[in-house]
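Enquirer: Quick one: the structure is below, and I'll ask about it shortly.
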Amino acid sequence: PPRPAGMGDVPEPCPQAPLAVLSKVELRVSCKHLLDRDTLNKSDPCVLLLMQTQGQWMEVDRSEVIKSNLNPVFAKIFTVDYYFEEVQKLRFEVYDSHGQAGVGTHDDDFLGGMECTVGQIVAQKRVTKPLFLKYGKFAGKSTITIISEEISGNNGYVELAFRAKKLDDKDLFSKSDPFLEIYRIDDDRSEQLVYRTEVVKNNLSPIWEPFKVSLNSLCSCEEKRKLRCVVWDYDSRGKHDFIGEFFTTFEEMQKAMGENKVQWDCMNPKYKIKKRNYKNSGVVVLLDLKIHRVYSFLDYIMGGCQIHFTVAIDFTASNGDPRNSCSLHYINPYQPNEYLKALVAVGEICQDYDSDKKFSALGFGARIPPKYEVSHDFAINFNPDNDECEGIQGVVESYQSCLPKIQLYGPTNVAPIISKVARVAADEERTKEASQYFILLILTDGVVTDMADTREAIVRASYLPMSIIIVGVGNADFTDMQILDGDDGVLRSPKGEPVLRDIVQFVPFREFKNASPTALAKCVLAEVPKQVVEYYSY
């Protein structure tokens, strides 16, 4: 048997691997009904993955070539980093490859392409789309299918407690000093040390301290992956004596949950050959196994959690008369105003995670028809039974058509809208499935008037599946708004009750005026995945 992995005088328990925050997504690709470009035999397809960076398509990776096959399933796994807060555009291109010449980029070798975003693939887990040739022509009946799987170092960890009984005695004047090592056997048959226990001195039936390892490290999150466990007799000069070994899997270990124990014969292959009546060199018992799952934002999205997006727009008089070009609500035919810019930047990202692509759009602080009474939570499409618009474009159109019909007024009360979305979220919460999470985007030109009520409403909302993003539009002094964003201290209700979790993000739009719209979205949405995970882990 091989010597133990490099050890000093005293075995140290392995340190816990830090959990990766950034998610990586694995993409597997297959195609059906590819065009046949070759006269004598079928096409030899190969897939290129391109990613858009600063408007340019760059090749990230390519698959192997599969010989004469119009329905290929590629073995290549594409890995991409995943960020919730930005739109990551991908393009898959399929080519017919010609032996040594590699992948041609001639039009006659191009079998079709498809574009989508990482967000779409993650939200749907499996995406099948038609392949298009140049100029938007369908490539016959060709389709491409992308399957995604998140590889996160944080898919949970497991706590294990081992002991051994009646181990062979390797020492002349005392008993063995045993320690245990666990190796993961990788696909290339190489072994990775997963964990090494402490040494228990002078004891043939040692009980080792319980320890934790991540599922990623123990078995690459595959329950059937083979594990090799070795028991050694510790020697201070580093010449540890081999006592015995056994093989197992995480699947088998799980039988030790609850009252049950699992045990293995600890075998020395040499003795097995030499000694006729050899039974074992002791037994190793797994006394207890606890699994701690740690879910990530992607686990919820891939598990079917939908992000429901509501936008609330400030129609108070301080915005200025919309007919006047100085107004923050002025509709300039050549360039969207700040309200529209902020709405589109944030909404475009949220819409990938919302299957029905319908967004609630509300207004506050205006007098509305027919009686021209002030309302702090009206549907901007004026349909009280259904405040939803079709996609971001629908919100933009409702916004533009409602402006001439309303009278800007005041004050700036946002508590009613927070409470309205919270009521929907509370109904959702009663279903107890991780099915809907609500993001409320409030666009306002000034400090809120009903600060006490707003603080109370936010504390209530912090117990519900929702996050609030406030974007300050225009040049007002927003200092007082920073209180709502509990980053520097904990936000409390007027009675002093703290929020359960920090759910508000406040940003003045002017800080992003000269930056790209994606920068604003990145800033306000960066906290959302953490807030979703916090909510569901409560």
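Enquirer: If you roll a 1.4 angstrom probe over the protein chains with everything in place, what fraction of the accessible area of the chain belongs to carbon and sulfur, to the nearest %? Spell out each step's value before the answer.
Expert: On the way: 13260 of 26350 Å².
About 50 percent, which is the carbon plus sulfur part of the accessible surface.
Enquirer: With runs of 4+ DSSP H residues as the only contributors, calculate the mean residue ellipticity of the chain at 222 nm using -39,500 (n - 2.57) per run, divided by the residue total and rounded to the nearest 500.
Expert: -5000 deg cm²/dmol
Enquirer: OK, next. Subtract the Cα-Cα distance of Asp480 and Lys270 from 0.36 nm times their separation in residues, and report this length gain in nm to one decimal.
Expert: 67.9 nm
Enquirer: Relative to the first principal axis of the alpha-carbon coordinates of the chain, what is the inclination of helix 415-429, with its axis defined by its Cα atoms, in degrees from 0 to 90 and to the nearest 10?
Expert: The helix 415-429 is inclined about 40 degrees to the chain.
Enquirer: In whole Hz and in residue order, list the ³J(HN,Hα) couplings for the range 522-534 that follow from phi through the Karplus curve 6.51 cos²θ - 1.76 cosθ + 1.60, θ = phi - 60°; x for Gly and Pro.
Expert: These are the phi-based 3J(HN,Hα) values: 4, 5, 7, 9, 4, 7, 4, x, 5, 5, 5, 4, 4 Hz.
Enquirer: Compute the angle between helix 338-350 and the longest alpha-carbon principal axis of the chain, please, reported from 0 to 90 degrees and rounded to the nearest 10.
Expert: 30 degrees
Enquirer: Under the rule of at least 5 residues apart or a separate chain, name every residue whose amide H is placed under 5 Å from the amide H of Val262.
Expert: HN-HN under 5 Å from Val262: Leu286.
Enquirer: Ile470's amide H: which non-local residues (gap 5+, or another chain) put their own amide H closer than 5 Å, with H modeled 1.01 Å from N in plane and none for Pro or chain starts?
Expert: Excluding prolines and chain starts, which carry no amide H, the hits are Ile442, Gln505, Phe506, Val507.
Enquirer: Considering Cα pairs under 8 angstrom that are at least six residues apart, work out the relative contact order of the range 23-151 and quote it in whole percent.
Expert: Over the range 23-151, the number comes to 32 percent.
Enquirer: Let me ask something else. Any idea how far the Cα center of the range 369-443 sits from the one of the range 318-344, in Å?
Expert: Between the Cα centre of the range 369-443 and that of the range 318-344, the gap is 19 Å.
Enquirer: Shifting gears a bit: Would you pull out the residues with amide H under 5 Å of Leu111's amide H, same chain only if 5 or more places away, H placed 1.01 Å from N?
Expert: Residues meeting the amide H criterion: Val94, Tyr95, Asp96.
Enquirer: Now, a different point. With every protein chain present, what is the per residue accessible area of the chain (1.4 Å probe, Å²)? Don't jump to the answer; show the numbers that get you there.
Expert: Values: 26350 Å² over 538 residues.
Result: 49 Å² per residue.
Enquirer: Per residue of the range 362-377, what does 6.51 cos²θ - 1.76 cosθ + 1.60 with θ = phi - 60° give for ³J(HN,Hα)? Whole Hz please, x for Gly and Pro, Karplus curve as stated.
Expert: Couplings: 10, x, 9, x, 10, 8, 10, x, x, 8, 6, 9, 5, 10, 10, 7 Hz.
The values are calculated or read from the model by the stated rules, or taken from the named source; none is laboratory data. The shown structure was predicted, so the numbers you read here are calculated from the model rather than taken from an experiment. For accessibility, only protein heavy atoms count, side chains too; no ligands or nucleic acids. Shrake-Rupley method; radii C 1.70, N 1.55, O 1.52, S 1.80 Å.
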